[in-house]
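What follows is a structure written as structure tokens; I'll ask about it next.
Please treat every number below as a calculation from the coordinates, not as lab data. Note that the structure is predicted; figures quoted are calculated from it, not measured. All Cβ positions, even for glycine, are placed from backbone atoms using ideal geometry, and neighbour counts span all protein chains on display.
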Amino acid sequence: MIRSRLIQNVSGIARVQQRWFAEKAVATGSVDWDAISNIVQSDNGKRELASLKNTMMELERAVGSVSQTMAEPDWATYKSQLDASIVDKFEKAYKSMKIPEYEDKEIKNVSERFKAIVDQAEKISAESKKRVEAIMIELEQIDTQKKQLKTATIDEELAKDPELAKEIDETNEKNSFLVS
């Protein structure tokens with residue numbers, strides 16, 4: 001009987017400890033999901049974001065469902081029902097337990113890695129924007145050239161490229177294209 005009571009109490013302590021660690025590790029409500037969803041554009045990215053949001057909400061619910069406080073065992077009741085010396089040993093062991101302080105190394109490491117990834121993504125995004133601007137300029141030039149091709153004459157094209165005009169004149173002088 002004392003074993004089952006002890007297991008219940010230890011389970012309760014484990015839940016309190018788990019809750020305490022989880023509260024330190026999980027920053028609830030700190031994510032701006034709307035801002036993130038405005039950034040994500042692809043369908044696959046939106047699905048992944050929704051999955052991440054659901055997972056985070058499940059974790060927050062799980063953390064919230066664990067009881068924060070646990071009543072200390074009623075040692076007097078146990079002493080009246082069981083051998084007092086055994087209950088005293090359990091009480092002494094229970095009171096000597098120390099819950100370790102949670103060190104938040106994991107979140108710091110993940111935050112540093114995430115920051116590096118975000119920095120890299122911003123750099124790639126800036127390079128992509130520059131490339132898009134260059135491509136848009138090229139497309140405008142191509143459109144302009146296409147419009148000019150409809151009305152361009154050979155004389156205008158040869159005026160733009162004097163070397164080509166000279167080469168054509170030399171070829172004409174070397175070879176007679178007249179039919180005799």
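Where does each of 122-132, 84-94 land if you order them by average Cβ count within 10 Å, highest first?
Packing order, densest peptide first, comes out as 84-94, 122-132.
Among the lysines in segment 80-160, how many pairs, 8 or more places apart or on different chains, have alpha carbons under 26 Å apart?
12
Further question: Pulled fully out, how much extra length does the chain show between LYS98 and ASP74, if you take 0.36 nm times their separation in residues and subtract their Cα-Cα distance?
6.7 nm
Can you give me the C-alpha center-to-center distance between segment 50-110 and segment 120-180, rounded to a whole angstrom?
Here the answer is 76 Å between Cα centres.
Under a crude label model (7 Å from the Cα following the beta-carbon direction), how far is PHE114 from LYS147 in nanometres?
Going from the PHE114 label point to the LYS147 one covers 4.9 nm.
Treat each spin label as a single point 7 Å out from the Cα along the C-beta direction, and report the GLU60 to VAL31 distance in nm.
Taking the simple label geometry, GLU60 and VAL31 are separated by 0.9 nm.
Separation between the ALA126 and SER85 pseudo-spin-labels, each 7 Å from Cα along Cα→Cβ, expressed in nm?
7.6 nm
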